[in-house]
Amino acid sequence: MTLHQPPAPAVTLRDLSRSFTGRGILDRISLDIPRGQFVALLGESGSGKTTLLRALAGLDEEAESHGHFTVPDHVSVLFQDARLLPWLSVIDNVTLGLRRPHARAAAQDMLAAVGLGDKADVWPATLSGGQKQRAALARSLLREPALLLADEPFGALDALTRLKMHALLFRLVRKQKPTVILVTHDVDEALLLSDRILMLKDGRIAGDYMIRLPHPRRAGHPDFETLRLRLLRSLGVENETV
């Protein structure tokens, strides 16, 4: 009889600790994230969310690190700041450093997918904040990452634009199927998008929640609100109004 082994996780961490100048930030985190899973990292400021993301991205090389982790070969990072170079057109920003056949044609298609098909040749300074983040998302997904690391990419946007970006990200991720790790302070954002929520506290995983609500998700649905209250209490927020 042939035994079928389960597929290897996209991301593994084993006893990962990380500190800066002797100050511990991550404390012996062990974790497996399956391929294609959308994971949200929640926690108070200073809990280690961004440090964990930057470790997986291979940033902060000056940090003291113990334990080990594995990630896929193709990783892309989406920051809160769109980080577009002002002296390059939008399409040149999106294709910067990309070496593949027909890169500009693929970039044009991706810009169309994020609603910027008519902005390829404009300067970044002419874009709104939401449009800049759309361009940054196009740049990340154009690289067809196996792992997309997103560090509060919508935190600076207004509420309406943020909701539009949620829908856009979900639609494109469903199409490309990368593994996603999203850092957020927004409980609703985590519930609207993710398959799984990890709660970090003092550099450790304090809670691991599988979110089985069907899509599309709506705030206000009883099951959504039940999970929302549970997560808020885990964050130390007793009142549902924040």
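The values are calculated or read from the model by the stated rules, or taken from the named source; none is laboratory data. Note that this is a predicted model, so its numbers are computed, not measured. A quick note on method: Cβ atoms are made from the backbone with ideal geometry, for glycine too, and the neighbour counts reach across all protein chains shown. Accessible surface is based on the protein model in full, side chains and every heavy atom, while ligands, DNA and RNA are left aside. Shrake-Rupley method; radii C 1.70, N 1.55, O 1.52, S 1.80 Å.
Report relative contact order for the range 1-115 in percent, whole number only (criteria: Cα-Cα under 8 Å, sequence separation at least 6).
Rounded, it is 25 percent for the range 1-115.
Report, please, the projected area of the range 130-224 averaged over directions, based on the convex hull of its C-alpha atoms, in nm².
Numbers: hull surface 26.7 nm².
Taking a quarter of the hull surface, the average projection is 6.7 nm².
Quick check: with the 1.4 Å probe, what order do Thr126, Thr21 take by accessible area, largest first? Before the final figure, lay out each step's value.
Values: Thr126 95, Thr21 140 Å².
Reading off the accessible areas and sorting them downward yields Thr21, Thr126.
Once the other residues with Cβ under 15 Å from the Cβ of Pro216 are scored (Lys, Arg +1; Asp, Glu -1), what is the net sum? Working shown, then result.
On the way: positive: Lys164, Arg171, Arg174, Arg212, Arg217, Arg218; negative: Asp188, Glu189, Asp195, Asp223.
Residues near Pro216 contribute +2 overall.
Viscosity 1.002 mPa s, temperature 20 °C: Stokes-Einstein D of the range 1-99 from its Kirkwood Cα radius, in µm² per second? Diffusion coefficient, whole number: 133 µm²/s. Computed over the chain, the per-residue total of -39500 (n - 2.57) for DSSP H runs of n ≥ 4 gives a 222 nm mean residue ellipticity of -10000 deg cm²/dmol, rounded to 500.
Sorting Thr179, Thr161 by solvent-accessible area of protein heavy atoms yields Thr161, Thr179, largest first, with a 1.4 Å probe. In a DSSP loop and with at most 12 other Cβ atoms within 10 Å, the chymotrypsin sites (Phe, Trp or Tyr not before Pro) in the range 43-136 are Trp87. Taking amide H positions as modeled 1.01 Å from N, with prolines and chain starts lacking one, the residues under 5 Å from Val11 and 5 or more places away or on another chain are Ile33. In the range 26-117, which GluC sites (Glu not before Pro) fall in coil by DSSP and have 15 or fewer other Cβ atoms within 10 Å? In loop regions of the range 26-117 (DSSP not H, G, I, E or B), the sparsely surrounded GluC sites (Glu not before Pro) are Glu44, Glu61, Glu62.
With only Lys, Arg, Asp and Glu charged, each at its Cβ (+1 for the first two, -1 for the last two), find how big the charge dipole of the chain is about the Cα centre; round to the nearest 20 debye. Walk me through the numbers on the way to the answer.
Working: 31 positive and 28 negative charges, 135 e Å.
Rounded to the nearest 20 debye, it is 640 debye.
Projecting the Cα atoms of Gly46, Ala107, Ser65 onto the charge dipole of the range 34-109, computed from C-beta unit charges around the Cα centre, puts Ala107 farthest toward the positive end. Remark: relative contact order (the chain) = 26 percent; criterion is Cα-Cα distance under 8 angstrom and separation of 6 or more residues.
Classification of the range 87-152 by its C-alpha gyration tensor yields an oblate form. The axis ratio a/c (a ≥ b ≥ c) is 1.5 or more, and b/c is at least a/b.
Please work out the ratio of the alpha-carbon Rg of the chain to 2.2 N^0.38 Å and round it to two decimals.
1.05
Straight Cα distances below 22 angstrom link Lys177 to the lysines Lys164, with same-chain residues fewer than 8 positions distant left out. The residue list Leu26, Val94, Leu149 was ranked by how far each Cα lies along the charge dipole of the chain toward its positive end, using unit charges on Cβ atoms, and Val94 comes out on top. Think of each Lys and Arg Cβ as +1 and each Asp and Glu Cβ as -1; about the Cα centre, that makes the dipole of the range 109-196 roughly 260 debye. Other residues within the sphere of radius under 13 Å centred on the Cβ of Arg54, judged by their own Cβ, net out at -3 (K and R +1, D and E -1).
Among Leu227, Leu192, Leu147, the largest mean-square fluctuation in a Gaussian network model of the chain (Cα springs under 10 Å) belongs to Leu227.
Backbone amide hydrogens, once placed in the peptide plane, bring Arg83 within less than 5 Å of nothing, excluding anything fewer than 5 places away on its chain.
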